[in-house]
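Report on one structure; see the data block that follows.
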Amino acid sequence: MPLSRIVGNFQNTKRAYRLLTSNELVRQKFLYGLGTVLSHNSVLASECVNKFMHFKPPYIYPKMQTMMFNQFCGGEDLSTMIPMLDELQKEQITPLLSFGVEYSTNNEELDKSKDNMMELIDFVQGRGDAICKATSIISYERLKRKQLGGLLSQNDQEDWSRDLKRLEEVTEYAVHKKVPLFFDAETIGIQSEIQNQVIRLMRGYNKGCTVPRIYSTIQFYRKDSQKQLDDLIEDSEIHSYMAGLKLVRGAYMQDEENEGNRSFLFETKEETDDSYNMGITKCINNMSHMGFLVATHNENSIKHLIGEIDKRDIQRNAANIRIAQMYGMRRDITFNLSEFNVSLFIPYGPEEELFPYLVRRGLENSSALSGCYTEFWKTKKELSRRHFG
């Protein structure tokens, strides 16, 4: 099938939104219309949203919390998501589930998060994949100290051993249950240490397989993203394992600026886009010892991926190539790529805890705000089609 037909299908709103009711589309139109307004001035938008989150105006705050939760999250617990996951399975879309609470602070919370990961792995066995955020099972502060090369106290050494034991237990359990496990990327201050640990796990668990069991993540808004990718490819060749990689642009811009790390990131979106597409090409060129997931809402990157696949006569549904979007965003892409292995990232967890996370990530991710315009008009188009034909 020509590339042009696939790209043209992104306009098929009937297919894209067929699992949504008209009421759900009205909610989506409102949220993306609001996002379109905010996208005109990101600084002003950030100030307004921060004040909104601080003062929590009665009636409006809980209404917005519920609307955003229903739009972008699967549910508060695993059992509530079963009907939705069954629908996705019929569409041959693989859910990638993650417990949305980001950070744990003490050993008791870290142990509880490990248990949550085990529960998630049990739940998704045979129906999807699992995402693990390293800071949910490893102390952020210890990760930071390890990356800086500082000496840990005896107590910290003992706690670090517990951290690594949790990491090993979660990974081993996922491999045992045959559930692919994706480790998210985090901020520059801890990401190198996380990457070291995930590469160590891939060396052990991704040997002798044709599709990776464990996946790391590279953020291509980082200037060193190509070096990270080259190092991963070289390491997989040296140690004879199947490298697993999730490609993202990155969503910690504000955090990195606050930490004084802005100089480590590309200055323009165009540079990031170029780096991202270059990463896709490198992954395709190394498919013999690599499996990867292209996580993007960017149509040009998807066109680039399809073009690279087709000119090499690679099967579009090759097991070690996947495409993914966030739940509640760009259904016009997700549901119009039926020839490919498509996934949806679906966070779940307590509504009151996930709402601040959703707001923060929305403000950090400038591409999400700029994409609101497209989402708004495609939603409006589908509502018009349903009402007027």
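All of the numbers you see were taken from the coordinates with simple rules; none came from a lab. Just so you know, these numbers come straight off a predicted model, no measurement behind them. When we count neighbours, we look across all protein chains shown, and the Cβ atoms used for this are built from the backbone with ideal geometry, even at glycine.
Go through 227-236, 115-124, 241-250 and give me the packing order, highest mean Cβ count within 10 Å leading. Working shown, then result.
Details: 227-236: 17.0, 115-124: 18.6, 241-250: 24.0.
Peptide ranking by packing, descending: 241-250, 115-124, 227-236.
Would you grab the residues whose amide H sits under 5 Å from the one on Cys132? Only those 5+ places off in sequence or on another chain, please, with H modelled 1.01 Å from N.
Phe182, Phe183, Asp184
How many nm separate the modelled label positions at Asn50 and Leu148, each set 7 Å beyond the Cα in the direction of the Cβ?
2.5 nm
What ranking do 266-272, 178-184, 70-76 get when scored by the average of other Cβ atoms within 10 Å per residue, highest first?
Working: 266-272: 13.7, 178-184: 21.4, 70-76: 19.9.
Highest to lowest by the protection proxy: 178-184, 70-76, 266-272.
Give the order of Trp160, Trp377 when sorted by the count of other beta carbons within 10 angstrom, beginning with the fewest. Write down the numbers at each step before the final one.
On the way: Trp160 18, Trp377 15.
Going from least to most buried by this count: Trp377, Trp160.
Taking 0.36 nm per residue of separation and subtracting the Cα-Cα distance, what length does fully extending His40 through Met287 add?
Values: separation 247, 0.36 × 247 = 88.92 nm, distance 4.06 nm.
The His40-Met287 span can extend by a further 84.9 nm.
Per 10 Å bin, what is the whole-percent P(r) computed from every C-alpha pair distance within segment 1-159?
8, 22, 27, 28, 12, 3, 0
Along the charge dipole of segment 75-350, pointing to its positive end and built from +1/-1 on Cβ of Lys, Arg, Asp and Glu, which listed residue (Gly204, Cys132, Gln147) has its Cα farthest out?
It is Gly204, whose Cα lies furthest towards the positive end.
For the pairs Lys246/Lys269; Lys133/Lys178; Lys29/Lys112; Lys207/Lys246; Lys227/Lys303; Lys165/Lys282, flag any whose C-alpha to C-alpha distance is greater than 29 Å.
Values: Lys246/Lys269 19 Å; Lys133/Lys178 19 Å; Lys29/Lys112 38 Å; Lys207/Lys246 18 Å; Lys227/Lys303 24 Å; Lys165/Lys282 33 Å.
Long pairs (Cα-Cα over 29 Å): Lys29/Lys112; Lys165/Lys282.
Once each part is reduced to its C-alpha centroid, what is the distance from segment 331-359 to segment 61-115 in angstrom?
9 Å
Which value at 222 nm does the chain reach when only helices count, each DSSP H run of 4 or more adding -39,500 (n - 2.57), with the total divided by all residues and rounded to the nearest 500 deg cm²/dmol? Don't skip to the answer; put the middle values down first.
Working: 18 runs with 223 residues, N = 389.
Using -39500 (n - 2.57) per qualifying helix, the result is -18000 deg cm²/dmol.
Rank the residues Ile309, Ile302 as a footprinting-exposure proxy: fewest other Cβ atoms within 10 Å of their Cβ go first.
Numbers: Ile309 19, Ile302 22.
Going from least to most buried by this count: Ile309, Ile302.
Normalized C-alpha radius of gyration of the chain, against 2.2 N^0.38 Å? Write down the numbers at each step before the final one.
Details: Rg = 20.6 Å, N = 389, 2.2 N^0.38 = 21.2 Å.
So the Cα radius of gyration is 0.97 times the expected 2.2 N^0.38 Å.
Given the peptides 214-226, 315-327, arrange them by the average over their residues of other C-beta atoms within 10 Å, most packed first.
Working: 214-226: 22.2, 315-327: 18.1.
With the highest mean Cβ count within 10 Å placed first, the list reads 214-226, 315-327.
Counting Lys and Arg as +1 and Asp and Glu as -1, each charge on the Cβ, what is the dipole of the chain about the Cα centre in debye, to the nearest 20? List each step's numbers first, then the result.
Numbers: 49 positive and 53 negative charges, 308 e Å.
Roughly 1480 debye for the chain.
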